[in-house]
Amino acid sequence: MAGMVADLFTNGFDPTFLFTWKGVRTRSEAKYHVHENQTELAFIMSGHGQYKIDGRIYDIEEGDILILNPGVYHQSLATDPEHPATEFFVGFSDFCLEGMRPNCIEIDADEPIYKAGPDLKLKLMRLCVAMDAEKNTCGAGKYYMMQSYLVQYVLYILRDMQEASLPNGRCAFDSVNKNEIVSQIMQYFEEHYAEKISLDIISENMYVSPFYISKIFKSVTGDTPIRYLIDVRLDKAKKLLTTRPELSVHQIAEMVGYDDAYHFSKLFKKRFGTSPSKVAKQDSLPG
C-alpha cells in the first residue's frame with residue numbers, strides 16, 4: 001500500500017455502519033455466500049478454523065483479519081472442536097478509499113487475510129469488546145457511537161498495513177508493546193494475588209487471549225504466568241509468616257489466595273525448602 005494513510009481519505013470517510021456479530025464457530029456456516037454492496041471485516045479473536053474464500057481454503061487463527069469485499073464468496077468452516085474460532089464481524093458500506101474500488105479495502109497481492117501483530121491485535125480486541133458492549137445498550141446516539149468505533153477499527157488496520165509496507169518493515173513481534181503487557185500482568189498479580197486468578201480472568205481484563213498471554217509472558221520472564229503468580233503468593237506468605245505470628249498457616253494460605261492449606265504448604269516447601277509452620281515457629285522464637 002503506497003502513500004500516507006491520510007491520502008486514502010481525500011474523499012472523506014463516513015461509512016454506513018451496518019452490524020456487528022460475535023460468536024464461537026462450533027458449526028460451519030450453512031451457505032457459501034456473497035454480499036454485493038457491503039464490506040465485512042472478520043477478526044479472529046481466538047481459536048482456529050478455516051474459511052473458503054473465492055474457491056480457496058484458508059487456515060485461520062487468532063489475530064487474522066478477513067477482508068470480505070463485495071462480490072467475494074465466503075464461508076466459515078469449523079474444523080477444530082477443541083479450539084473453535086471466536087469471530088467478530090463488522091459490516092459497513094457507502095465509502096470509497098482513494099485508489100480503491102467503492103466499498104472495498106484492498107491489500108497487497110489481493111489476499112483476503114491480513115495478520116495482525118501484537119499491537120494491532122490488542123487495539124482490535126479492545127474495540128471488539130467496546131462494540132459488543134455498545135451493541136447491547138439503548139444509549140442515546142448508539143448508531144454514532146458504533147460508527148465511531150468502526151472508523152477507529154478501520155483506521156487502525158489501514159495504519160498497520162501502511163507500516164508493514166514501509167521499506168524497513170517493522171518488527172513482527174513488537175517488543176515494546178509486549179513488555180508493556182507483561183508489566184501490566186505483573187502489576188495485576190501484585191494487586192490481586194489474594195483473589196481467584198486464572199488465565200481466562202487475566203485474558204478478560206487484558207483483552208488478550210490466554211494463549212497469547214502465556215506466550216509473551218514466558219518470552220519476557222522465562223516463566224509461565226501461573227508459575228510467576230505462585231511465586232508472588234509464596235513471597236507474600238513468607239512475609240506474613242515472619243511479621244504476623246498470631247496468624248495460623250491456614251489463615252495465611254487464604255490471605256494469599258489458597259483455600260487448601262495442605263496444597264499451599266506443599267508449594268511453600270518446594271519453593272523455600274522448609275514448611276510454613278517451621279518458618280513461623282523459627283521467627284517466633286526469642287532472640
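The values are calculated or read from the model by the stated rules, or taken from the named source; none is laboratory data. It should be emphasised that the depicted structure is a prediction, and the values quoted were computed from it without experimental measurement. Note that we place each Cβ from the backbone using ideal geometry, even for glycine, and neighbour counts take in every protein chain shown. Ligands, DNA and RNA are excluded from the accessible area calculation, which covers all protein heavy atoms including side chains. Shrake-Rupley method; radii C 1.70, N 1.55, O 1.52, S 1.80 Å.
Basic side chains Lys and Arg get +1 at the Cβ, acidic Asp and Glu get -1 at the Cβ, and with that the dipole of the stretch 66-143 about its Cα centre reaches some 340 debye. Taken over the stretch 214-287, the alpha-carbon convex hull comes to 93 cubic angstrom per residue. Near H35, the amide H atoms lying under 5 Å from its own belong to G71, V72; only residues 5 or more places off or on other chains count, and H is placed 1.01 Å from N.
Of all complete DSSP H helices in the chain, those with a Cα span along the helix axis of 24 Å or greater and a mean Kyte-Doolittle hydropathy of -1.0 or more are 118-135, 142-165, 175-192, 225-243. Accessible surface for the chain, divided over its residues, is 53 Å² per residue with a 1.4 Å probe.
Taken about its Cα centre, the chain carries a charge dipole of roughly 1460 debye when the Cβ of each Lys and Arg holds +1 and the Cβ of each Asp and Glu holds -1. Couplings 3J(HN,Hα) for the stretch 79-92, derived from phi with the Karplus relation 6.51 cos²θ - 1.76 cosθ + 1.60 (θ = phi - 60°), are 10, 10, x, 6, 9, x, 6, 9, 10, 10, 9, 9, x, 7 Hz, where x marks Gly and Pro. In the assembled protein chains, C96 presents an accessible area of approximately 50 Å² (probe radius 1.4 Å). Taking amide H as placed 1.01 Å from N in the peptide plane, the amide H of T16 sits under 5 Å from that of S93, D94, each at least 5 places away or on another chain.
When only Cα pairs below 8 angstrom with a gap of at least 6 residues are kept, the stretch 186-262 shows a relative contact order of 32 percent. Ordering F19, I230, S209 by the projection of their Cα atoms onto the charge dipole of the chain, which places +1 on the Cβ of Lys and Arg and -1 on the Cβ of Asp and Glu, puts I230 at the extreme positive end. Using only side-chain charges placed at the Cβ, +1 for Lys and Arg and -1 for Asp and Glu, the dipole size of the stretch 216-287 relative to its Cα centre rounds to 260 debye. Given a 1.4 Å probe and the protein chains as shown, D259 ends up with an accessible area of around 100 Å².
Surface composition of the chain: carbon and sulfur make up 52 percent of the accessible area, probe 1.4 Å.
Applying the Karplus relation 6.51 cos²θ - 1.76 cosθ + 1.60 with θ = phi - 60° to the stretch 17-26 yields 3J(HN,Hα) values of 6, 10, 6, 10, 8, 10, x, 9, 7, 8 Hz, where x marks Gly and Pro.
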